1. Condition test on ASP65, is it modelled with pLDDT of 95 or more, touching a Gly at 6+ places or on another chain (Cβ under 6 Å) and open to solvent by less than 70 Å² (accessible area, probe 1.4 Å)?
2. Looking at GLY169 and the list (1) of a type outside the set (A, V, I, L, M); (2) under 17 Å from ALA122 (Cβ atoms); (3) touching a residue at least 60 places away in the same chain (Cβ under 8 Å), which single condition is not satisfied?
3. On the basis of being modelled with pLDDT under 95 and either among the basic types (Lys, Arg) or open to solvent by 10 Å² or more (accessible area, probe 1.4 Å) (or both), does MET166 make the cut?
4. Which condition does GLN264 not pass, out of (1) more than 21 Å from the chain's Cα centre (by Cα); (2) farther than 18 Å from THR28 by Cβ, if it passes all the others?
5. Look through GLY134, GLY162, GLY169, GLY130 and report the one residue that is within 19 Å of the chain's Cα centre (by Cα) and on the phi > 0 side of the Ramachandran plot.
6. Taking the stretch 73-102 as the search range and keeping residues that are at pLDDT 95 or above and among the basic types (Lys, Arg), which one is least open to solvent (accessible area, probe 1.4 Å)?
7. Quickly run through the stretch 113-138 and pick out the residues that are surrounded by fewer than 20 Cβ atoms within 10 Å (Cβ to Cβ) and acidic (Asp, Glu).
8. Go over the candidates VAL195, VAL180 one by one and state the one that is in contact with a helix residue (DSSP H, G or I) (Cβ under 9 Å, 6 or more places away or on another chain) and more than 23 Å from GLY270 (Cα to Cα).
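The values are calculated or read from the model by the stated rules, or taken from the named source; none is laboratory data. Bear in mind that the values here come from a model prediction, so they are computed numbers and not experimental data. Cβ sites come from the backbone with ideal geometry, for glycine too, and all protein chains shown count toward neighbours. Areas reflect the complete protein model, heavy atoms only, side chains present, ligands, DNA and RNA absent. Shrake-Rupley method; radii C 1.70, N 1.55, O 1.52, S 1.80 Å.
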Amino acid sequence: MAGRVDVSIEHRDGPESDGGQAANTCPTCNSHYRDDELERTLWVCAHCGHHFRVRARDRIAQLADSGTFAEDDADIRSADPLEFFDLRPYRERLAKAEIDTQLGDAIVTGQAKIERRDCQLAVMDFAFMGGSMGSAVGEKFARACERAAERHLPLVCVTASGGARMQEGILALMQLPKTVCAVDLLQESRSAFLVVMAHPTTGGVLASFASLGDILIAEPGALMSFAGPRVVQQVTREKLPDDFGLAEPNLRYGHIDAIVERRQLKPFLGRVLALFVNGG
């Protein structure tokens, strides 16, 4: 009989993932922080530079110029045509995720300015069902691409996802070609597509739109691989390097263009956006 493969999402931080470790304890150096201390450092450990996960609206506040973000498609929600049920109905999981995160789904989109440069902004939130991509996420991302193309604006997307949402089955997998086609439309309009990969960016999101940016950026230490190292090691039965799938080896291999610390991300994006003014 074949051995069982653990396909759970691999976490580095957060109250649900550190074996009882507090949410504001750095998993790298074990430094402890209050929320206000981490907010002042943009949720980066002041001692070792570990990048904690950031919620979508906090990320937007960090990147967008004050008062410039206007949200689009906030009313879009995932349906449940499969009437999926595992330990509980999918509808209940969606309702709980919405209550816990105060989001309609795992992505927030809208128009904004970054360093006084107009852009469309799409930010994923790992707290909503592991940032998984279902029909609502795919639709909102596709609409963001369409708006960017119509307005001849760059699209800046921050990804954080465990992959396609299993509760939607083939409907979730259909979002991969759908988002790829949306990026193709965006690029045909000569609008730039900038991707910032946060930890983790894996599965179907990495295999679709997250890898198609004109500029690919990652945060330090971000996991960016189709499957996590634990799963790959179980399948191949080989010991993997400690940095397998992280941003740093991906930069060495030329898979991404830059690794940018969170405190430098907004000015970095501002400089890159300046290169694409008027579809340049």
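1. Details: modelled with pLDDT of 95 or more: yes; touching a Gly at 6+ places or on another chain (Cβ under 6 Å): no; open to solvent by less than 70 Å² (accessible area, probe 1.4 Å): yes.
For ASP65, the condition - modelled with pLDDT of 95 or more, touching a Gly at 6+ places or on another chain (Cβ under 6 Å) and open to solvent by less than 70 Å² (accessible area, probe 1.4 Å) - is not met.
2. That leaves (2) as the condition not met.
3. Numbers: modelled with pLDDT under 95: yes; either among the basic types (Lys, Arg) or open to solvent by 10 Å² or more (accessible area, probe 1.4 Å) (or both): yes.
Yes.
4. Every listed condition holds for GLN264 apart from (1).
5. Details: GLY134 fails: on the phi > 0 side of the Ramachandran plot; GLY162 fails: on the phi > 0 side of the Ramachandran plot; GLY169 fails: within 19 Å of the chain's Cα centre (by Cα).
Answer to the check: GLY130.
6. Looking at residues that are at pLDDT 95 or above and among the basic types (Lys, Arg), I get ARG93.
7. Passing the criteria: GLU115, ASP118.
8. Details: VAL195 fails: more than 23 Å from GLY270 (Cα to Cα).
The match here is VAL180.
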